[in-house]
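A quick write-up on the structure given underneath.
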Amino acid sequence: MNGQQIKHFPEFLLLQEGENFTTYCNFSSTFYNLQWYKQRSGGSAVFFMILAKGGEVKTEQRLTGRLGETRQHSSLHLTAAQLSDAGTYFCAVTQCPGSTCCLPPNLTVGSRGHPSSTPLREGARES
């Protein structure tokens, strides 16, 4: 994997409905593209956004993804959280076309004050 170092923060976050959050991924070197995923408790990871150009900003409903000019960092911002937003959010990068992805430690978002919501916490994953 060419020694790519990935830092994702924060690792865990509890929100109330209507609150906003931002999570970040930082990388030790540039990459071909970056993908954002969400995984609900007990479910599979679901792809929802890809960023490939330095400075790129994409919005999908209440989610805004940004890729830094140097292509070494990205942020994901969610506006007005809802219970349906609970889950684990993570980014993956592709080093070059056709290569495998590298997955960082991920962010788990749970709901504050909602007894039926138990946040899922997973460890780091790398390919």
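The values are calculated or read from the model by the stated rules, or taken from the named source; none is laboratory data. Everything numeric in this text was worked out from a predicted model, so none of it was measured. Glycine gets a Cβ as well: all are built from the backbone with ideal geometry, and neighbour counts include every protein chain shown.
Answer yes or no as to whether GLY55 is modelled with pLDDT under 55 and either closer than 21 Å to LYS7 by Cβ or not β-branched (Val, Ile, Thr) (or both).
Answer is no for this residue.
Would you point out which residue out of SER44, SER75, SER28, SER84 is touching a Ser or Thr at 6+ places or on another chain (Cβ under 7 Å) and either loosely packed, with under 14 Cβ neighbours inside 10 Å or modelled with pLDDT of 90 or more (or both)?
Going through SER44, SER75, SER28, SER84 in turn, just one is touching a Ser or Thr at 6+ places or on another chain (Cβ under 7 Å) and either loosely packed, with under 14 Cβ neighbours inside 10 Å or modelled with pLDDT of 90 or more (or both): SER75.
Residues that are over 25 Å from GLY18 (Cβ atoms) and without any contact (Cβ under 8 Å) to a residue 24 or more places away in the chain: list the strands (runs of 3 or more DSSP E) wholly contained in region 31-86 that include at least 1 such residues.
Qualifying strands (runs of 3 or more DSSP E): 45-51.
Conditions tested, residue by residue: (1) in contact with a helix residue (DSSP H, G or I) (Cβ under 9 Å, 6 or more places away or on another chain); (2) at pLDDT below 80.
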position: PHE90; (1), (2): no, no
position: THR100; (1), (2): no, yes
position: VAL109; (1), (2): yes, yes
position: HIS114; (1), (2): yes, yes
position: THR118; (1), (2): no, yes
position: ARG125; (1), (2): no, yes
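Scan region 31-41 residue by residue and report those that are within 22 Å of THR70 (Cα to Cα) and either surrounded by fewer than 18 Cβ atoms within 10 Å (Cβ to Cβ) or in contact with a helix residue (DSSP H, G or I) (Cβ under 8 Å, 6 or more places away or on another chain) (or both).
TYR32
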